[in-house]
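Structure, as structure tokens:
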Amino acid sequence: MGFTGELYPFQEEARELMSDRGTMMLCMVMGSGKTPTTIATLETLVQQDEISRALIVVPASLKYQWLSEINKFSTSRAVVIDGPPKAREVLWRAAISCKYVVVNAELLQNDTKYLDRIRIDAIVIDEATMIKSPAAKRSKFLKKVGKRAPYRFALTGQPIENRPEELFSIMEFVDPSVLGRFDLFDRTFIVRDRWGKPV
């Protein structure tokens with residue numbers, strides 16, 4: 001039972017850090033195995049009786065890729081939330097007997113009433129730049145959902161795409177205590193021109 005794959009040493013190091021810390025941003029370049037590393041972490045936490053179910057929030061285009069990787073690297077049951085409202089209701093009911101619930105942010109926002117009915121101990125946001133904008137509705141929603149789980153992981157190959165504030169926004173989901181207050185972070189780490197634009 002548990003993780004059925006094999007990790008490279010750098011992935012094993014990340015797995016150890018993630019399962020020890022419980023909240024982490026995993027920044028690895030594309031193709032370096034963020035998904036199997038995360039699955040190995042979640043399986044470790046399941047074996048340690050730390051978690052019973054993980055919510056995996058991904059872009060819609062990656063849902064079935066995640067399902068395929070979960071099936072490849074673990075023996076745990078997974079469900080992908082997809083389709084019209086009636087079909088999704090059935091899938092959310094099935095989620096009660098699954099270790100992994102894979103969903104995209106847009107459907108999750110529509111289906112919060114079902115999410116409220118199941119216990120979630122870990123939340124993973126893949127392609128975490130989806131919450132890079134602190135003012136965006138989706139960012140605010142996912143950070144709020146994040147508060148219900150003690151284990152939170154954000155996965156990305158590029159934590160900063162345009163502005164340093166993006167890193168701060170993602171870390172607000174992961175662990176708000178790490179970077180502290182935005183005004184202090186801004187003053188300490190961001191150099192701005194006279195118009196307030198980061199340089």
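The values are calculated or read from the model by the stated rules, or taken from the named source; none is laboratory data. Quantities reported herein were computed from a predicted structural model and do not represent experimental measurements. As a convention, Cβ positions derive from the backbone with ideal geometry for all residues, glycine included, and neighbour counts pool all protein chains shown. The area values use the complete protein model at the heavy-atom level, side chains included, leaving out ligands, DNA and RNA. Shrake-Rupley method; radii C 1.70, N 1.55, O 1.52, S 1.80 Å.
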### Query
Could you give the longest part of the chain that holds none of the GluC sites (Glu not before Pro) found in DSSP loops with at most 10 neighbouring Cβ atoms within 10 Å?
7-160
### Message
Rounded to the nearest percent, how much of the accessible area of the chain (1.4 Å probe, protein heavy atoms only) is carbon and sulfur?
### Response
53
### Task
Give, to the nearest whole percent, the P(r) tail of the chain beyond 31 angstrom, counting all Cα pairs.
18
### Message
Using a 1.4 angstrom probe on the protein heavy atoms only, could you order 108, 17 from most to least accessible area?
### Response
17, 108
### Query
What do you reckon, how do 27, 98 stack up by accessible area (1.4 Å probe), largest on top?
27, 98
### Query
To the nearest Å, what is the center-to-center distance of region 128-154 and region 100-114, using C-alpha atoms only?
13
### Summary
Computed ³J(HN,Hα) along region 173-186: with the Karplus parameters 6.51/-1.76/1.60, θ = phi - 60°, integer Hz and x for glycine or proline, the list is 6, 5, 6, x, 6, 5, 9, x, 6, 5, 4, 6, 4, 4
### Message
To the nearest 20 Debye, how big is the dipole of region 110-179 about its Cα centre, given +1 on the beta carbon of each Lys and Arg and -1 on that of each Asp and Glu?
### Response
420
### Message
Mean-square fluctuation check for the chain, GNM, Cα pairs under 10 Å: which of 160, 123, 39 is largest?
### Response
160
### Task
Express the accessible area of the chain per residue in Å², computed with a 1.4 Å probe while the remaining protein chains stay in the model.
52
### Message
I'd like the orientation of helix 34-47 relative to the chain: the angle between its Cα long axis and the longest Cα principal axis, in ° from 0 to 90, rounded to 10.
### Response
60
### Summary
Counting sequence-distant residues (5 or more places) and residues on other chains, those with an amide H built under 5 Å from that of residue 26 are 154, 155, 156
### Task
Can you send over the solvent-accessible area of residue 75, 1.4 Å probe, protein chains only, in Å² to the nearest 10?
80
### Message
Please return the longest range in the chain lying between exposed loop sites, taking trypsin sites (Lys or Arg not before Pro), DSSP loop only, at most 16 other beta-carbon atoms within 10 Å, and leaving the sites out.
### Response
1-76
